[in-house]
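Asker: Pasting a structure below so you can have a look.
The values are calculated or read from the model by the stated rules, or taken from the named source; none is laboratory data. Fair warning: this is a prediction, and the values are worked out from it, not measured in the lab. Cβ coordinates were reconstructed from backbone atoms using ideal geometry, including for glycine residues, and neighbour counts include every protein chain displayed.
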Amino acid sequence: SSRVCNAIHYEADLDMNCLHRLLFGYEKSSDNDDRYHIGGATVISQNTFALISQNEINSSEARELDELFKILLSSYVTIKAEIEKRDKNGQSLCIICCSHPIQAEFRPCAHQACISCMCHHLMTNNECFFCKTIIRHAVDLRGNIIEIGGYGTRLRPLTLTKPKPLVEFCNKPMVLHQIEALVQAGVDHVILAVSYLSDMLQRDMETEAKRLHITITISQETVPLGTAGPLALAREHLKTDNEPFFVLNSDVICEFPFGEIIEFHKKHGHEGTIVITKVEEPSKYGVVVYEINTGKIQRFVEKPREYVSNKINAGLYIFNSSILERIQLKPTSIEKEVFPAMAKDEELYAYELKGFWMDVGQPKDYLTGMGLYLNYVRHSNPDRLSHETCIVGNVLIDSSARIGERCRIGPNVVIGPNVVVEDGVCLKNCTVLSDSLVKSHSWIANCIIGWRCIIGQWVRMENTTVLGLDVVVQDELFINGGTILPHKSISESVTEPKILI
Amino acid sequence: MLKAVILIGGPQKGTRFRPLSLEMPKPLFPVAGYPIIHHLIESCAKLSEVREILLIGCYQPNEALSRFIANAQQSFNISIRYLQEYTSLGTAGGIYHFRDLIKSNISESFFVINGDICGDLPLAEMLEFHKQHAEGTGFTILGTEATEKQSCNYGCIAWDRKTNEVKHYVEKPETFVSTTISCGVFLFSKSIFQILSDTYKQNEQIYNEESSLQSSLFVSDTQYSRECIHIEKDVISKLAGTGRLFVYPMGDRFWSAIKSAGSVIYANRHYLEMYRMYYPERLTVNSDDKKHTPTILGDVFIHPTACVSPSAVLGPNVSIGQDASIGSGVRIRESIILGSCVLQDHCCVLYSIIGWNSTIGPWTRIEGTPSDPDPNKQFSKIEQDSLFHDGKLQPSITVIGNNVSVSGEVILLNAIVLPHKELGSSSKNQIIL
């Protein structure tokens, strides 16, 4: 069959000449050597191996071998011709799956594959398929960085078993922090733009929509559309009335002053408003240069080498629906293509965010953001925090959790529902997700413990260790910066940061 | 009467044992609750014929040694004396120097034991063997088995399996000679003194010849000291092949040299195991009273004056020294806690030695890496590895010197901490001065 032939021919090490020699004892294309003629028949020397002339092969099998080779050869010729034709047109097939065209390259090694294979690979690997170089990122064929994975690869291993929007941050699913704040500002329709649709997400969003009396639509992209494309995909929902709409990066946590942002936007009356925030190291991000008085944005500078400004794009926007004229249904970057054009047209304004801000899409930032959020809770709603005797600093404990005696919990700790913490445990700067058990006398700092985990007695975990779903850590171990994938049982210490699959 | 001479060396010896030997002579280091030489004296005292033990070494008289000797004399009810060499005389030089003291009153033979070994020594059987084979003018050496590769680190004995006669002896050969190695335990008949005397005279001659060739500014090196005699080099290897030296193999009974902290933990384990057979009253037994006594796993020695919280979990293979204080929720495994230490709540000590008078803060983790013999090879011994490998500190037993204060919530992994230090932060694979 042609599929089998395709599969065989895409084997990098297959050489048709070698195969011919193996089967028949001589290379098809060479005139030399082991052949000689006796009375018209082609015979090979006794010392040369040929499958077809072995005693065990009977004549009908020999005929089959002949047939087989003929089929392989003809499909080889065909495939070769196709490849050459495609290469002439500049379009090759991904050699991993042989079904999609090559769409992207890894950096820094420049090996190519299709996006679907890359996504799949990146779920559990960070090395190139071909050369094992660590992958920094992937670019499309024009050199633009593309967002692949959309599975929330930065928050692995937590996002391997739960869609990122549903991973809890301070005892509430991440997306719900934003949705609830939007609802408070009067939003009644939320569209979630996802690249991977899960049943869990659909069901949970249906429940939340009912609870909050709003509509939640899930818009799924079947091919990656970048950061602006998804807006074009959701066009019909966004153009329903002439009201402006918010666009939020789902990893962002802050006070969400949506009411004030709407006011500011309506007041200047232009096409778009970007929320900006002050950071300490602006060069890690892209900075925004704007007029202080009016808020009008002049330009963006990506990762500046010299100090330009300390305000960066906070990942929260509000647009008039006219912006949709600027966006087509194809992979588009809102920061690189849409915003600069809007700034040039003087239609883009900046709203300066007050209070804390954090992108919690990575474990380390997740923990920092947790501290900032807890601090905000202490000032706005201190009764939510725990005040028992073993508590130090800001600590949030779900009412169904149980804490043992002589523990020390805090500062900056979040404990989820049904968690059991036994006697003599010390927790600092960490999150324990639901249904987990931490046994007695353990010491845990700067970690994220996933759902349904069991941490043994006298365990020491530190240095941004992240445990996925259902991980068991045996007694008396030391985990220093381990990233542990779900359903794993750890029986040996991890003394240097490592990913355990 | 039978005498035993135990060679305890001096401060220049046992340097691999630092920092534990910085403020206490190595032979007095407690393993399984009792000093190394205590175990050796105990083995000797089991023979009723042994009535006197002579300790020969280079240590200046010090309080710890004197106190030990006084206590040991009382416990064992035999005479114990310390004979101090005026300078390092090598492993046999002291025997020659104090020959009159050793010779007086002994019947036929006397034991000579290296002070830094430990094991389940079959001294009675060795004596029996010696009486049958080597009585009169012969000598017996105790041997044990090692792996081919490791035998090159010890004194190798090539012997006749039928007669037990030693054919050849080489100390630390470069190529393989024999898997049988010397344990550092010897039984010498009185004729050893003649041999020592001859050796002494020979050495004197060589020394005189050499020094006459040097200028008068030549400063004598202790190695070439006139009176320096080495048992292995000058005595045993010469006796091999003469028909007078025999080996008594000790089979697979436990034996080890104590050179480093790793071998101390190993010896601790085996001595605790031996207690099960010989001195079961020394081991702490798990009681049903969980409210008042700690949980004990495996073999554990707790000094009667130590104070252990009932929620602590100890063992296997743990020794707790005098007046130590173990807080609640503490976990100790495969470790030695020396006298007057304080281990505060919830801390975890694994494969470590905590020196006298040290304090470990709450929730702190002290962890080392064991250097046990290869379990896949029979007769494998502890590797005598160097401290560093490829420029990095080899993972080993963590040693906390005496009077060290470690604050809470930190981790010390594969670290060596010198005495009188206050530690406030974590450390891995480091020597902390």
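Asker: Identify the residue in segment A:457-472 that is within 14 Å of another protein chain (Cβ to nearest Cβ) and part of a strand (DSSP E or B) and, among all such residues, is farthest from residue B:426 (Cα to Cα).
Answerer: Residue satisfying both the conditions and the ranking: A:465.
Asker: Identify, from the list B:353, B:320, B:337, the residue that is in contact with a helix residue (DSSP H, G or I) (Cβ under 8 Å, 6 or more places away or on another chain), assigned by TED's automatic domain parsing to the domain that holds residue B:415 and of a type in the set (A, V, I, L, M, F, W, C).
Answerer: Answer to the selection: B:353.
Asker: Now for a separate question. Identify all residues within segment B:355-398 that are of a type in the set (Ser, Thr, Tyr) and free of Cβ contacts under 8 Å to residues at least 60 places away in the same chain; write none if there are none.
Answerer: Listed by number, the residues that qualify are B:358, B:359, B:364, B:369, B:386, B:398.
Asker: Out of segment A:404-420, which residues are of a type in the set (A, V, I, L, M, F, W, C), buried (at least 22 other Cβ atoms within 10 Å of the Cβ) and more than 14 Å from chain B (Cβ to nearest Cβ)?
Answerer: A:413, A:414, A:415, A:419
Asker: Select from segment A:442-456 the residues that are part of a strand (DSSP E or B) and either farther than 16 Å from residue A:414 by Cα or among the aliphatic types (A, V, I, L, M) (or both) and list them in ascending order.
Answerer: Hits for segment A:442-456 are A:444, A:445, A:448, A:449, A:454, A:455.
Asker: Right, another one. Sort out which residues of segment A:301-318 are among the aromatic types (Phe, Trp, Tyr) and buried (at least 20 other Cβ atoms within 10 Å of the Cβ), and write them in order of number.
Answerer: Result: A:317, single match.
Asker: What's the number of the condition residue A:142 fails, among (1) modelled with pLDDT of 85 or more; (2) over 29 Å from residue A:482 (Cα atoms)?
Answerer: All conditions pass for residue A:142, except number (1).
Asker: Could you please find all residues in segment A:473-501 being part of a loop (DSSP other than H, G, I, E, B), aliphatic (A, V, I, L, M) and under 16 Å from residue A:433 (Cα atoms)?
Answerer: A:485
Asker: Which condition from (1) outside any helix (DSSP H, G or I); (2) surrounded by fewer than 22 Cβ atoms within 10 Å (Cβ to Cβ); (3) among the hydroxyl-bearing types (Ser, Thr, Tyr); (4) in contact with a Ser or Thr (Cβ under 9 Å, 6 or more places away or on another chain) is the one that residue B:207 breaks?
Answerer: In the conditions (1) outside any helix (DSSP H, G or I); (2) surrounded by fewer than 22 Cβ atoms within 10 Å (Cβ to Cβ); (3) among the hydroxyl-bearing types (Ser, Thr, Tyr); (4) in contact with a Ser or Thr (Cβ under 9 Å, 6 or more places away or on another chain), residue B:207 misses (1) alone.
Asker: Would you say residue A:372 is in contact with a Lys or Arg (Cβ under 8 Å, 6 or more places away or on another chain) and aliphatic (A, V, I, L, M)?
Answerer: no
Asker: So, one more: Looking at (1) surrounded by 22 or more Cβ atoms within 10 Å (Cβ to Cβ); (2) assigned to a strand (DSSP E or B), which is the only condition residue B:170 fails?
Answerer: (1)
Asker: Kindly state which strands (runs of 3 or more DSSP E) lie completely within segment B:232-347 and contain at least 2 residues that are more than 14 Å from every other protein chain (Cβ to nearest Cβ), farther than 25 Å from residue B:26 by Cβ and not aromatic (Phe, Trp, Tyr).
Answerer: B:245-249
Asker: Kindly evaluate residue A:214 against the criterion of being out of contact with any helix residue (DSSP H, G or I) (no Cβ under 9 Å at 6 or more places or on another chain), within 26 Å of residue A:167 (Cβ to Cβ), of a type in the set (A, V, I, L, M, F, W, C) and in contact (Cβ under 8 Å) with a residue 24 or more places away in the chain.
Answerer: no
Asker: A further question follows. Select the strands (runs of 3 or more DSSP E) contained entirely in segment A:322-418, then report the ones holding at least 3 residues which are within 30 Å of residue B:330 (Cα to Cα).
Answerer: Of the strands (runs of 3 or more DSSP E) lying wholly inside segment A:322-418, those with at least 3 residues that are within 30 Å of residue B:330 (Cα to Cα) span A:395-397, A:413-415.
Asker: So which residues in segment B:364-420 are among the hydrophobic types (A, V, I, L, M, F, W, C), within 14 Å of chain A (Cβ to nearest Cβ), closer than 19 Å to residue B:15 by Cα and not in a loop (DSSP other than H, G, I, E, B)?
Answerer: Matches in segment B:364-420: B:393 only.
Asker: Residues being under 30 Å from residue B:262 (Cβ atoms) and part of a strand (DSSP E or B): count how many of those fall in segment B:115-139.
Answerer: 3
Asker: Suppose the filter is among the acidic types (Asp, Glu) and modelled with pLDDT of 90 or more; does residue A:306 pass it?
Answerer: No: the conditions fail for residue A:306.
Asker: Mind listing just one residue for me: the one in segment A:421-456 that is within 14 Å of another protein chain (Cβ to nearest Cβ) and among the charged types (D, E, K, R) and, of those, farthest from residue A:168 (Cα to Cα)?
Answerer: The extreme case among them is A:423.
Asker: Then there is this: Go through A:490, A:448, A:479 for me and flag whichever is in contact (Cβ under 8 Å) with a residue 12 or more places away in the chain and more than 28 Å from residue B:343 (Cα to Cα).
Answerer: A:448
Asker: Moving to a separate point now. Filter segment A:193-207 down to the residues that are of a type in the set (A, V, I, L, M, F, W, C), at pLDDT below 85 and over 17 Å from the mean Cα position of the chain (by Cα) and list them by number.
Answerer: A:200
Asker: Does residue B:141 satisfy the condition of being under 22 Å from residue B:190 (Cα atoms) and buried (at least 21 other Cβ atoms within 10 Å of the Cβ)?
Answerer: yes
Asker: Also: Return the only residue of B:265, B:258, B:229 being surrounded by 20 or more Cβ atoms within 10 Å (Cβ to Cβ), farther than 19 Å from residue B:119 by Cβ and not hydroxyl-bearing (Ser, Thr, Tyr).
Answerer: Every option except B:229 fails the conditions.
Asker: Go through (1) more than 14 Å from chain A (Cβ to nearest Cβ); (2) in contact with a Gly (Cβ under 8 Å, 6 or more places away or on another chain); (3) outside any strand (DSSP E or B); (4) under 24 Å from residue B:298 (Cβ atoms) and name the single condition residue B:357 misses.
Answerer: Result: residue B:357 passes all but (4).
Asker: Can you name the condition, by its number, that residue A:441 falls short on among (1) buried (at least 21 other Cβ atoms within 10 Å of the Cβ); (2) out of contact with any His (no Cβ under 7 Å at 6 or more places or on another chain); (3) of a type outside the set (A, V, I, L, M, F, W, C)?
Answerer: (2)
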